[in-house]
Amino acid sequence: MTNDSLLTLLPPHHLTISQFHHMPDEETLEEGVLDPVKPEVQDPLLQSILAEAAAPTAPTELEEKLEIPVTPDEVDCVVIGTGAGGAPLLARLAMAGLKVVALEAGPWHDPKKDFATDEKAQEFLFWNDERLSAGKNPLAYGKNNSGTGVGGSTLHYTAYTPRPQPADLHLHRDFGVGQDWPFGYEELEPYLEEVEQFLGVSGPTPYPWGPARRKGYALAPLPLNGAAQLMQRGCEKLGIRTSPAANAALSARYYQEGVGWREACTNRGFCQAGCSTGAKASMDVTFLPLAVAHGAEIRPGSYVTEIERDASGRVTGVVYQQNGTELRQRCRHLFLCAGAIETPRLLLLNELALSSGHVGRNFMAHPGVQVFGTFEESVRPFKGIPGALISEDTHRPKGADFAGGYLLQSIGIMPVTFAGQVARGRGYWGEKLRAYMRQYNHVAGINILGDCLPAAENFLELAEEKDARGLPKPRLHFTTQPNEQRLSDHAEKLMRQIWEAAGATDIWSFARNAHVIGTARMGLSGDDAVVDANGRAFDVPNLYICDNSVFPSALSVNPALTIMALSLRTADKFLENLK
């Protein structure tokens, strides 16, 4: 394979996309800051000094707490969060004729103006509020697993959208550990198909693994980048099947209801830095325009702090901060779609839906060990769709000493991110790091996405330390359990063999976890679950939760597609109940 033939990518060309004309003025929110307020002083001594320095004065009428303004109307539904969980649901409810409002903590971005092909310039897309990490294997947050802005984490996800396999929903049935989902794959499959067709997922037809499908992918696969071609070469020599992966990025022009024509991916590779062309199916160019076209209202810069209830325990409204002002929105039903950290945090802050004792518990994080190697060929790992190749031959490995399984994925990685991993994973710094990074264009990586079992010592709690708004910060405890360690060891050994077969030198691994899951899980009983099979809280009849927090098991695939499918299913079950 020659240097010239290694990367056969579609040529870049100028793109146009129909503009989402409902974008509000963004000048009201400081870019990159969720809520630009002064941080609270944490040090007790400094607190006392500042308190003494402040001259005590008697309160005046103007200093008394003002009544929180109430928006004029009660709406049918408030949706908190506009990512993969909130956006599809919002569109479905609006299309059913309900009066719906979505509250999003972050701003509304214009991709053409705001999304540069630059890693550092796009850090405002990540949820940058501090989260505290604990346990023997404390996790990194921010860009690893959550985002902010209208569109949520989908603004910076890499668009990798494999389906779960039927067995993923029945880990306990098959292995006697973990937790089964309260419904089967047949309940989810129609929604997986609907999302794939709506987004315009590019992928292979037929797909090599899992049950036969009623409908193939909407578009042909995207081209294989350098890392994918090298992984394919190594896997062929070892007899491991591979396939172009399913990605929610367009390999050809595609008509998007509510938006118009979206243009094809240019393979520039900066999916995790925000897609400036609209080729990646983030929620801001797919479900959210559809929702707004049917009357939904989206309020950016709206951080929810309080969930109000009446004497019977039903939700009556929410209090949120917007541009330094506290507002109240009344509602008949509330949908909490803020992700596996902010969703349980809000429930704990408001002492809501806590009777099961499982809010914040069952915290899972996908094993995602990466293995890198250096090649003679020019790889250019920043080019092309990041996850171009997949293998699910390891979904249930024969003779494995662990429950569950994992998928194999080629990875494209940007230089700043990679430099950070080299520094942490290999301990390189200064000249040694610079010397290694000079071969960046000849490096290729593979990673896994594996099952994770819930464990009692992995949980989320509220810390004593306060954030800039004066609210307790979330503290997440995570310790890798023996099952996940055995799974990762199995995967690392295999990935090293693949790179050796492909001709790599200087092979090394980087231990990591991705995607936080399971902190408000669904189940058949309120004894061990927070919500039922339809996403409704056992404790609160008009509260629904729909995001990765409700997953009973981690699934051995990236969660975005499943979250979107679950969102549509939750909306349909809610609408059926309304009738």
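Assorted remarks:
- The calculated 222 nm mean residue ellipticity attributable to helices in the chain amounts to -7000 deg cm²/dmol, summing -39500 (n - 2.57) over DSSP H runs of n ≥ 4 and dividing by all residues.
- Accessible area of the chain divided out per residue, in Å², using a probe of 1.4 angstrom: 39
- Positive contributions from Lys and Arg (+1) and negative ones from Asp and Glu (-1), summed over other residues with Cβ under 15 Å from the Cβ of GLN179, come out at -4.
- Compared with the alpha-carbon gap, the fully stretched path from THR205 to ASP506 is longer by 104.8 nm at 0.36 nm per residue.
- In the chain, the portion of solvent-accessible area held by carbon and sulfur atoms comes to 51 percent [1.4 Å probe, whole percent, DNA, RNA and ligands not counted].
- In this rough spin-label picture, where each label sits 7 Å from Cα along the Cβ direction, the ASP527-GLU186 distance is 2.7 nm.
- Helix 339-349 and the longest principal axis of the C-alpha atoms of the chain enclose an angle of approximately 20°.
- FRET efficiency for ARG434 and GLN485, using Cβ-Cβ distance with R0 set to 30 Å, rounded to 0.05: 0.35
- Sparse-neighbour loop sites [trypsin sites (Lys or Arg not before Pro); the range 328-378; at most 15 other C-beta within 10 Å; DSSP]: none
- A simple spin-label model places pseudo-atoms 7 Å from Cα toward Cβ; at ARG233 and ALA400 they are separated by 2.8 nm.
- The dipole here belongs to the chain: it is taken about the Cα centre, uses +1 on the Cβ of Lys and Arg and -1 on the Cβ of Asp and Glu, and is about 1920 debye.
- Rounded tilt (10° steps) of 44-53 against the dominant C-alpha axis of the chain: 40
- Gain on full stretching of the segment that runs from SER312 to LYS579 - 0.36 nm per residue minus C-alpha separation: 93.9 nm
- Unsatisfied cross-links (Cα-Cα over 23 Å) in the set LYS215/LYS398; LYS215/LYS280; LYS215/LYS237; LYS215/LYS579; LYS113/LYS473: LYS215/LYS398; LYS215/LYS237; LYS215/LYS579; LYS113/LYS473
- Angle between the chain longest axis and helix 560-578 axis [Cα atoms, degrees, rounded to 10]: 40
- Shape category assigned to the range 431-484 from the gyration tensor of Cα positions, a/c cut at 1.5: oblate
- Percent of Cα-Cα distances greater than 33 Å, calculated over the chain: 41
- Amide H contacts of VAL557 (H built 1.01 Å from N, in plane; Pro and chain starts excluded): no residue 5 or more places away or on another chain comes under 5 Å.
The values are calculated or read from the model by the stated rules, or taken from the named source; none is laboratory data. Computed from a predicted model, the values in this text were never measured in an experiment. Positions of Cβ are generated from backbone atoms using ideal geometry, with glycine treated the same way; all protein chains shown enter the neighbour counts. Only protein heavy atoms, including side chains, enter the accessible area calculation; ligands, DNA and RNA are left aside. Shrake-Rupley method; radii C 1.70, N 1.55, O 1.52, S 1.80 Å.
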